[in-house]
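Scroll down for the structure; my scribbles are underneath it.
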Amino acid sequence: MSTDPDLMSWDDLPEDAIAAINRTEQALAAIRELADQHVIDIRAEAERECMAIREQAEAAVARIEQGATQELAPLVRELVDGLRGMQERYTREGKLDEALAIRARIRQLRSDLLGVRPDPGNLTEFGAGDVGRSMLFDVVGRAEGSLWGTDVYTADSRLSAVVVHTGTLREGERGLIRVTLVDGDGREYPGSTRHGIQSYDYAAYPLAYRVERV
């Protein structure tokens, strides 16, 4: 009576067959391991390439934005100055509703035309790839918030406090602020007391920024 080979147990196989199967399975396992490692390497390389492309694209956009801002700034200043004159005239005439409406329009125009962003709190959302980048923020000066440095501040310093510490804005004053990111490598951040605000010393921080009023 013959035995169906599909129903044979492992123990029923001859030794040379078991050895051949074991060699085959080991070879397959080694091939799978190599294939898995190859997939991991390909994915890692793809991620590095994507990151490099993304950084290049972001840098290009930043350069375009900065160039557009520089070209538009004189036109926007001229328009804003004209509207401010109208605002002052309406204020002198006691037409406060009209003056307030013009002030709101001035702020909206500057935001729309110059790409002004709201106060981000601090600049930790940016990284080393953003060094040299300048951005415009709509900021209200505040006398509270942690900050480290003087004139140049660590990226985790509170922007609303920095503008008061530098004298760029007074406490409670609202203004358009240009923030420029700078390389923090090898830089130290001495603290100081200015305009009633204390900043603190910091030995090293990878990214920093400075501010100026537009």
Query raised in the report: Is it true that some residue in segment 58-75 is surrounded by 11 or more Cβ atoms within 10 Å (Cβ to Cβ), closer than 30 Å to V131 by Cβ and modelled with pLDDT of 70 or more?
Result: no
Query raised in the report: Hey, V139 hits all of (1) modelled with pLDDT under 95; (2) in contact with a Lys or Arg (Cβ under 6 Å, 6 or more places away or on another chain); (3) surrounded by 14 or more Cβ atoms within 10 Å (Cβ to Cβ) but one; which does it fall short on?
Result: (2)
Query - Identity of the residue in segment 191-214, in contact (Cβ under 8 Å) with a residue 60 or more places away in the chain and within 17 Å of F126 (Cβ to Cβ), that ends up surrounded by the fewest Cβ atoms within 10 Å (Cβ to Cβ) - result: P206
Query - Options T168, T150, T180; residue that is open to solvent by 20 Å² or more (accessible area, probe 1.4 Å), of a type outside the set (K, R) and more than 30 Å from R103 (Cβ to Cβ) - result: T150
Report summary line: Of R92, R133, the only residue that is in contact (Cβ under 8 Å) with a residue 12 or more places away in the chain, out of contact with any Lys or Arg (no Cβ under 7 Å at 6 or more places or on another chain) and not β-branched (V, I, T) is R133
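The values are calculated or read from the model by the stated rules, or taken from the named source; none is laboratory data. Note that the structure is predicted; figures quoted are calculated from it, not measured. Ideal geometry is used to build each Cβ from the backbone, glycine not excepted, and the neighbour counts take in all protein chains shown. We work out accessible area using only protein heavy atoms, side chains counted, and drop any ligands, DNA or RNA first. Shrake-Rupley method; radii C 1.70, N 1.55, O 1.52, S 1.80 Å.
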